[in-house]
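Beneath this line is the structure, given in C-alpha cells, with notes to follow.
The values are calculated or read from the model by the stated rules, or taken from the named source; none is laboratory data. Everything numeric in this text was worked out from a predicted model, so none of it was measured. Cβ placement follows ideal geometry from the backbone for every residue including glycine, while neighbour counts extend to all protein chains displayed. Note: accessible area is taken over every heavy atom of the protein model, side chains too, but ligands, DNA and RNA are not part of it. Shrake-Rupley method; radii C 1.70, N 1.55, O 1.52, S 1.80 Å.
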Amino acid sequence: MKKFLILTLFISAAIFSASAKPPKISIDKDEELYYFPSYIAYNKKNDLFHIKIHAWVCEPEFDSTARKIITSTAKKHMNLSDNDLENKTFSERFRLFMIDQESRKSISALIGTSYYNIGVTDANGHTEREIVLPSNIFYSIINHSGNTIPEEAEISFTSEAKSDDRIFEGKAKLIKPEGIMVITDIDDTIKISEVYDKSKLLRNVFVNEYKPVPKMQKLFYSWKDKGADFTYLTSSPWQLFPAIQSFITKEKFPEGLIQMKSFGLKDGYLSIFESPEKFKTPIILRIMKDFPDKKFIFIGDSFEKDPEIYADIARKNPGRVPHIFIRNTSAESRDSDRMKKAFDKIDPSSWSLFSDPSEIENLSDNLFR
C-alpha cells in the first residue's frame with residue numbers, strides 16, 4: 001500500500017491534467033528544442049513502464065562577432081587551416097558548438113492525452129526525466145490490446161512553443177526486458193578516432209570523414225541476429241549526435257541507443273574527451289538498473305579506461321556480465337601488469353583482448369546459446 005501511494009504521488013507530480021489548458025513552453029522564436037531518441041524500460045515486478053526523455057534547448061545562431069571568436073579559438077586548439085574552416089564537414093559538425101545553450105527553460109510534453117513535466121534545463125540546456133506509467137495507461141497510448149508486453153513499441157511525444165506555436169517531437173522505443181544488451185564504446189572501438197593523439201583525434205572528430213573499424217559491423221550484426229540489443233556509449237558531447245547517428249546508419253551498424261555527455265563551451269574544447277570513467281560508469285549502471293533481467297556484453301578499446309571501467313562494473317554485478325571484449329589499440333598483452341590489475345578477480349575466460357574482430361567470432365557465438 002505504501003509503495004502504491006508513493007507511486008501515485010510521483011505520477012501526480014509529473015503529470016498535468018489533460019482536461020486543463022495544455023501548457024506551452026517558453027521557447028523564443030530564435031531558440032530550438034531537440035528531443036534525443038530514448039528508450040522505454042519495463043519493470044515486471046511492479047508492472048510499470050519507465051519512459052526516459054531527454055530534451056535540449058539552444059539558440060543555434062551566434063552573432064558574427066561571437067562566431068569569429070569561437071572559430072578562432074577552435075582553429076588554434078585544433079591546428080586547423082583556413083581550408084579546414086571552409087570544409088563542409090567541419091561546418092556541419094561544428095555548428096552546434098557555436099550556440100547559446102539555454103538554461104532555466106521549463107519543459108513539458110504531451111504523451112498520449114496527458115501533459116507531463118520534463119524538468120528545467122541546466123547550464124548546458126539539457127533536462128532529463130523519467131516518466132513512470134502503469135501498464136494499462138501505456139498500452140492505451142500505443143493501442144495495444146491484451147496484458148502481455150508487445151515485442152516492439154515506440155511512442156511519440158510533443159511540446160508546443162508559446163511564442164509561435166511550433167511543435168517539437170520526440171520518440172522513445174521499448175527495449176525488451178530480457179536477453180543480452182551489448183554496450184559498446186565508439187571511439188577506436190567501432191570508429192577510427194586515434195584518441196592517443198589529441199591533434200589527430202580532433203581532426204578525426206571535426207574535419208575528416210568518419211571511418212569504421214574493419215569487420216566490426218559484421219561482428220555486431222552477427223550478435224543482432226542472435227537477439228542482442230545495442231547501446232553506443234561515447235564521451236563525445238551531444239553536439240556531435242547528428243554526426244554519430246549518421247555514421248552508425250551509413251556504415252550499417254545495428255540500430256541502438258546512443259548515450260553521450262553534456263558539454264558547454266566554458267569547459268574548453270580540450271576537455272571534450274577527458275575523464276571517460278566519470279561519464280561512462282554512471283550511464284552503464286543506470287542502464288543495468290533499468291534492465292535488471294538483462295545480461296550485458298561490454299566491448300571497448302584498451303587505450304583509455306574501458307578495461308578498468310568494465311571490469312569494475314562486472315566485479316560489482318556478478319553474473320550479469322558474461323563477457324568483456326577489449327580491442328587492443330595500445331599494444332597490450334593479457335599478462336601485462338595493467339591487464340592483470342584491471343581484471344583482478346575476473347574469470348580469465350570471461351574477457352578477451354583482440355586486434356581483429358574475426359578473432360572473437362567463435363567465442364562470442366557461445367554467449368548467445
Would you please give the FRET efficiency between LYS252 and SER330, computed as 1/(1 + (r/R0)^6) with r the Cβ-Cβ distance and R0 = 30 Å, to the nearest 0.05?
-> 0.60
On full extension of the chain, what length is gained from LEU363 through HIS144, given 0.36 nm per residue of separation minus the C-alpha to C-alpha distance?
-> 75.0 nm
Between the residues SER159, THR148, ILE190, the Cα farthest towards the positive end of the dipole of region 135-228, that dipole coming from +1 and -1 charges on the beta-carbon of Lys, Arg, Asp and Glu, is from ILE190
Using 1/(1 + (r/R0)^6) with R0 = 45 angstrom and r between the beta carbons of ASP312 and SER81, what's the FRET efficiency to the nearest 0.05?
-> 0.60
So what is the relative contact order for region 275-358, in percent, with contacts set as C-alpha pairs under 8 Å and at least six apart?
-> 29 percent
For the charge dipole of the chain, defined by +1 on Lys and Arg C-beta atoms and -1 on Asp and Glu C-beta atoms about the Cα centroid, which residue among SER246, ILE313, SER235 has the Cα displaced farthest towards the positive pole?
-> ILE313
For Rg and Dmax of the Cα atoms in Å, the choices are [x] 21.8, 66; [y] 21.5, 71; [z] 41.8, 166; which was calculated from the structure?
-> [x]
For the chain, give the percent of accessible area contributed by carbon and sulfur heavy atoms, probe 1.4 Å, rounded to a whole number.
-> 50 percent
Just the number, please: percent antiparallel of the DSSP beta bridges in the chain, rounded to the nearest 5.
-> 55 percent
Calculate, in nm to one decimal, what LYS289 and LYS45 gain on full extension: separation in residues at 0.36 nm each, minus their alpha carbon distance.
-> 86.5 nm
So what is the relative contact order of the chain, in percent, for Cα pairs below 8 Å that sit 6 or more residues apart?
-> 16 percent
Mean separation of Cα pairs under 8 Å and 6+ residues apart, divided by the residue count of region 100-197: what relative contact order is that in percent?
-> 18 percent
With a cut-off of at most 12 other beta carbons within 10 Å, and DSSP calling the residue loop, which GluC sites (Glu not before Pro) in region 70-144 qualify? Please list them.
-> GLU86
Here, trypsin sites (Lys or Arg not before Pro) of region 117-204 satisfying both criteria (DSSP loop; at most 14 other Cβ within 10 Å) are LYS162
Please get the size of the charge dipole for the chain, origin at its Cα centre, with Cβ charges of +1 on Lys and Arg and -1 on Asp and Glu, quoted in debye to the nearest 20.
-> 840 debye
Read phi for every residue in region 102-116 and hand back ³J(HN,Hα) as whole Hz from Karplus 6.51 cos²θ - 1.76 cosθ + 1.60, θ = phi - 60°, with x for Gly and Pro.
-> 8, 8, 6, 9, 8, 10, 9, 9, 8, 10, x, 10, 10, 9, 10
Extreme residue, positive dipole direction of the chain, given options THR73, TYR35, ASN83 (C-beta unit charges) | TYR35
Using alpha-carbon positions, the gyration tensor of region 134-237 gives root eigenvalues a ≥ b ≥ c; with a/c under 1.5 called rounded, otherwise prolate if a/b exceeds b/c, else oblate, the class is oblate
